[in-house]
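Trainee: Could you have a look at this structure, given as structure tokens, before my questions?
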Amino acid sequence: MAIRTRSHDDGKTDTSGQHVALIGYARVSTPDQQLSLQHDALQRAGCDRVFDDQASGARTDRPGLAEALAYLRAGDTLVVWKLDRLGRSMSHLIEKIGELAARGIGFRSLTENIDTTTPGGMLIFNIFGSLAQFERDLIRERTQAGLRAARERGSKGGRRPVVTPDKLRKARAHIAAGLTVREAAARLKIGKTALYKALEGATA
């Protein structure tokens, strides 16, 4: 239920006089899944508006989420039923919540009981962020270690060559027998351009 405009009646006024609102976001991945469970939970949580999508979490073009983010104002809180309704991965989730925080907007997940507008909720969010950074650092460290080991063995990281020495030898034999480069490449199931480059490199 996408709401594009916002009236002064939406939300509540906090003790400082700031107008704030709880804005819900619901998402299902396929048409056979129902949004009603999430809608009911978000409404029970006191959400003033609920935006939704029927799309995979891996998609970046989620109109409902885009409208919810545009609708939110500083002091508001974005509420979801579960963490995976917002982010497609831990790093993506951390990024989105960080963007909300930079705008002065809170985040709340009902199932995991996380609320970044509270000290405890912000602590959990920071722990998640640290774990995500640790995972990225660990992957980078392992990648660098693998490349160093490959260099020590005298090889380079990356994809194996398409035209191996054996295929290059066979290609030359086919061409010597009268086949064109295109025909030789097709017979060896390699790309014509790759074979041309391999032949040129061998004669350079």
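Trainee: Checking residue 128 against (1) in contact with a Leu (Cβ under 6 Å, 6 or more places away or on another chain); (2) part of a helix (DSSP H, G or I); (3) not basic (Lys, Arg), which single condition isn't satisfied?
Mentor: (1)
Trainee: Additional query: If you scan the stretch 72-103, which residues turn out to be free of Cβ contacts under 8 Å to residues at least 40 places away in the same chain, over 19 Å from residue 133 (Cα atoms) and in contact with a helix residue (DSSP H, G or I) (Cβ under 7 Å, 6 or more places away or on another chain)?
Mentor: Result: no residue meets the conditions.
Trainee: Restricting to the stretch 92-118, name every residue that is exposed (fewer than 15 other Cβ atoms within 10 Å of the Cβ) and under 13 Å from the mean Cα position of the chain (by Cα).
Mentor: Within the stretch 92-118, 95 is the sole residue that qualifies.
Trainee: For the stretch 135-173, how many residues are of a type in the set (D, E, K, R), at pLDDT 80 or above and within 28 Å of residue 90 (Cβ to Cβ)?
Mentor: Looking only at that region, the number is 3.
The values are calculated or read from the model by the stated rules, or taken from the named source; none is laboratory data. A quick note: this is a predicted structure, and the numbers were derived from the prediction, not measured. Cβ: placed from backbone, ideal geometry, glycine included. Neighbour counts: every protein chain shown.
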